[in-house]
Amino acid sequence: MEKYAVYVPRLVNKRENFVPGHRACIGCGEALAVRLACKSLGENVIIVNATGCMEIVASQIPYTSWRVPWIHTIFENTAAVASGVEAGLKILSSKGKTTSKNVKIAAIAGDGATSDIGLQALSGALERRHNLLYLCFDNEAYMNTGIQRSSSTPFGASTTTSPAGKKSIGQVSWKKNMPAIAAAHNIPYVATACPSYPFDLMAKVAKGLNAEGPAYIHILSICPTGWRTAPDLTIKIGRLAVETGIFPLYEIENGEYKLSVKIPELRPVTDYMNLQGRFRHLSDATIEEIQQRVNEEYAKLMEKIV
Amino acid sequence: MAKRVGTEVSLAVADTVKLVNADVISAYPITPQTHIVEHLAELVANGELDANFIPVESEHSAMSACLGSSAVGARTFTATAGQGLELMHEVLYVASSMRLPIIMTVANRALSAPLSVWGDHSDVMAVRDTGWIQIFVENGQEAVDNLLCAFRIGEDPRVLLPVMVHLDGFYLTHVIEPIFMPEQSEVENFVPPNQYPLPLDPNNPVSMGCFAPPVIYAETKWAQEVNLRASKDVILECWNEFGDQFQRHYSPVESYHSEDARVLLLTMGSFSETASLAIDNMRNAGKNVGLLKLRLWRPFPFDEIRQAARNADVLIVLDRAMSPGGPGGPVCSEIKAALYQEEKRPKVVSFIGGLGGRDITIEGFEEIINKGIEISEKGSNQEYEIFGVRE
Ligand SMILES: Cc1ncc(C[n+]2csc(CCOP(=O)(O)OP(=O)(O)O)c2C)c(N)n1
Ligand code: SF4
Ligand SMILES: [Mg+2]
């Protein structure tokens, strides 16, 4: 195991395809996740990016952080654009009209672009079985536009459109289960990941990229600006999300659930929540309600794990 | 030599897409465009057209997938109508601004509400400013010819812009016409292969669709405008060469007995054919009237309109769309704007008609012309009139 731990990092692509100089906030977990994912995507790839933080921080004319072919068009159509890229390349190569071979297609988008406004386009692309990898970088709100709630925002979190107030606890709905929605399309590969577990994340991206058909990876991306967390705690908070069972890391390969990181005993959710300003207003009763829900959801997931 | 075949216009449109050997078709069905995409799906399914047909889940995705396939350099076609064109709206701007030569046939249809599947130009006018080259056609032959031209114009390295060919829903899409379908070799001769200069390609990575801060946005838009205006030369060149090769001739503003006419009627699309019969009748009765047909809608043919209207006293414009609360028909407003600075210009009268598939007969056109003349003489307290509307 020791030896393995030394060996694995050596296999990582040393080339940065999402290069520094972009304007993400200090401690941005999403930028880190994109950087790691890009290492695994390699160079023979085309990236289709939704409007959102990663597009905005890395592509201001005349600069770009993308060293692989990259296209951004609008907010909600990323999966559809990627479908077109895939279909176009496929026919061009079958007609011998391109010299590129086995080019992979990665669609990358935030939680808003994925679970809200772009859900229809994503569902269409998955259902049509385009050969593409869709990566959702979930920072649990619309960060690019100023921390508004999305359907991926956790229960109780205060955002600018689900603000905590005298009559509100903040977000009143439970986080949408996007990986389950993706899996319901019977695609060959679905996984969750977090940049606090970099090798796991990179291995999953590589797996998704080589799946026969569409693949979906849901990546928890800590956002110090939106979550009101200290920028130097990003990695720690990501680990706590996993260790509390709030964001378990797993894979669904051809319908079979596999746990990626086993947690012998879940830590209390407060270990995770207390570090974040977005939950600061919550009463003990609400936190208890969240703890119950996390326990239940985790137990349900464990039942599925083979 | 091309054969003349009796065919439904929608099928002929699809067959033209086959003749240019399109790579990707991404479309969502909507009346009255359905026969075009159904036939394309069939051609692909039967192996007659070697293309990838993407049966997307909406028009928004149809146009979005077109962006993707065009960006990798694939020859890309789609078709839509009315509501579908509106659902594509935000994506249309991206296609032109990112210089992606997507070709689209629009089976013109009214917009809801009330729901109407029948034809008018509300959908066209709502996408007027999306930066696409836009061409109106009058019959099935023109739909085929101009679709061929659209591929050649849009993909021309001097242009690289998306092109819409506007075809009146039902009046054209669903009629059977004798059409000269060009031979495969003629098409290959006329439409060169698509060679998009900077496709998305790992061998030469590019970033497409970066965002513009205020210091550069206006410049990018101006560059796009200069390019769209300059495309007119290429359009004219294409139509000239088309005429040489196929002996059918097209121009931005076409005239019918207009040279000496004191009174001109301007129409676009399928109405032009019926209107020309009204002109025949009236000329036979000794009236000095003529017809202008607007073929090129974008880039707008300012010079040609000024030239064509120069000697007339009255110009009656028949729009097939409204501009609610506005100055009259959208086309008429542009004609007025084009003529305003001219020293000698006709009086311009605005009519709107044919909304939601309402037909206008030959007699109807005669009535419009006579009424237009009357309004030009006596004036009117209305900006425009909806022909035949019951109050
Ligand atoms: C049609 C449309 N609606 C709204 C917006 C505004 N908008 C741009 S990015 C964004 C939120 C992005 O959130 P998410 O997808 O979660 O990405 P993040 O910025 O959080 O990484 C919104 C609402 C838009 N660009 N287009
Ligand atoms: S707002 Fe959040 S996700 Fe966006 S760049 Fe800043 S830290 Fe990253
Ligand atoms: Mg987000």
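Per-structure values
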| quantity | calculated |
| --- | --- |
| Conditions (1) in contact with a Pro (Cβ under 6 Å, 6 or more places away or on another chain); (2) more than 16 Å from ligand 3 (Cβ to nearest atom); (3) farther than 30 Å from B:F53 by Cα; number of the one not met by A:S59 | (1) |
| Members of the stretch A:47-69 that are under 23 Å from A:I117 (Cα atoms) and either more than 16 Å from ligand 1 (Cβ to nearest atom) or hydroxyl-bearing (S, T, Y) (or both) | A:T51, A:S59 |
| Number of the exception - A:L209 against (1) open to solvent by 10 Å² or more (accessible area, probe 1.4 Å); (2) without any contact (Cβ under 8 Å) to a residue 40 or more places away in the chain | (2) |
| Whichever residue in the stretch A:124-143 is within 16 Å of ligand 3 (Cβ to nearest atom) and in a strand (DSSP E or B) and, among such residues, is nearest to the other protein chains (Cβ to nearest Cβ) | A:Y134 |
| Residue count for the stretch B:184-205, restricted to those that are within 22 Å of A:V48 (Cα to Cα) and buried (at least 16 other Cβ atoms within 10 Å of the Cβ) | 6 |
| Residues of the stretch B:200-222 satisfying the condition of being among the hydrophobic types (A, V, I, L, M, F, W, C) and at the interface with another protein chain (Cβ under 7 Å from one of its Cβ atoms) | B:L200, B:V206, B:M208, B:C210, B:F211, B:A212, B:I216 |
| Long-range neighbours under 7 Å by Cβ, at least six apart or interchain, first residue in the same structural domain as B:L355 (by TED's automatic domain parsing) and more than 22 Å from B:L167 (Cβ to Cβ) within the stretch B:268-282, second among the hydroxyl-bearing types (S, T, Y) and open to solvent by 20 Å² or more (accessible area, probe 1.4 Å) | B:I279/B:Y256 |
| Options A:N144, A:N131: the member that is within 8 Å of ligand 1 (Cβ to nearest atom) and modelled with pLDDT of 95 or more | A:N144 |
| Flag for B:S272 being more than 14 Å from every other protein chain (Cβ to nearest Cβ), of a type in the set (S, T, N, Q), surrounded by 14 or more Cβ atoms within 10 Å (Cβ to Cβ) and in contact with a helix residue (DSSP H, G or I) (Cβ under 6 Å, 6 or more places away or on another chain) | no |
| Scan of the stretch B:61-93 for residues that are facing chain A (nearest Cβ under 8 Å) and either outside any helix (DSSP H, G or I) or surrounded by fewer than 24 Cβ atoms within 10 Å (Cβ to Cβ) (or both), ordered by number | B:V72, B:G73, B:A74, B:T76, B:E90 |
| Filter result for B:E391 (open to solvent by 70 Å² or more (accessible area, probe 1.4 Å) and not assigned by TED's automatic domain parsing to the domain that holds B:V263) | yes |
| Criterion violated by B:Q33 - all others in (1) under 30 Å from A:T51 (Cβ atoms); (2) open to solvent by 10 Å² or more (accessible area, probe 1.4 Å); (3) more than 14 Å from chain A (Cβ to nearest Cβ) satisfied | (2) |
| Residue in the stretch A:107-123 that is among the β-branched types (V, I, T), under 27 Å from A:G84 (Cα atoms), more than 14 Å from chain B (Cβ to nearest Cβ) and within 13 Å of ligand 3 (Cβ to nearest atom) present | yes |
| Residue pairs meeting the criteria (Cβ under 7 Å; at least 6 apart or on separate chains; first under 17 Å from A:K175 (Cα atoms), in the stretch A:280-300; second modelled with pLDDT of 95 or more and open to solvent by 70 Å² or more (accessible area, probe 1.4 Å)) | A:R293/A:W174 |
| Subset of the stretch A:112-128 (residues that are open to solvent by less than 10 Å² (accessible area, probe 1.4 Å), more than 9 Å from ligand 1 (Cβ to nearest atom) and within 30 Å of A:Q276 (Cβ to Cβ)) | A:L122 |
| Any helices (runs of 4 or more DSSP H) falling wholly within the stretch A:193-252 and containing at least 1 residues that are among the aliphatic types (A, V, I, L, M) and within 14 Å of ligand 2 (Cβ to nearest atom) | A:234-243 |
| Unique match (being in a helix (DSSP H, G or I), within 16 Å of ligand 1 (Cβ to nearest atom) and either more than 7 Å from chain B (Cβ to nearest Cβ) or modelled with pLDDT under 95 (or both)) among A:E86, A:E30, A:E76 | A:E30 |
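The rows are residues; the columns are (1) surrounded by 17 or more Cβ atoms within 10 Å (Cβ to Cβ); (2) under 18 Å from the mean Cα position of the chain (by Cα).
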| site | (1), (2) |
| --- | --- |
| A:R23 | no, no |
| A:R35 | yes, yes |
| A:T51 | yes, yes |
| A:A58 | yes, yes |
| A:W66 | yes, no |
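The values are calculated or read from the model by the stated rules, or taken from the named source; none is laboratory data. Everything quoted here is computed from the prediction, not taken from an experiment. Cβ atoms come from the backbone with ideal geometry, glycine included; neighbour counts cover every protein chain shown. Just so you know, the surface numbers come from the protein's heavy atoms only, side chains and all, with ligands and any DNA or RNA stripped out. Shrake-Rupley method; radii C 1.70, N 1.55, O 1.52, S 1.80 Å.
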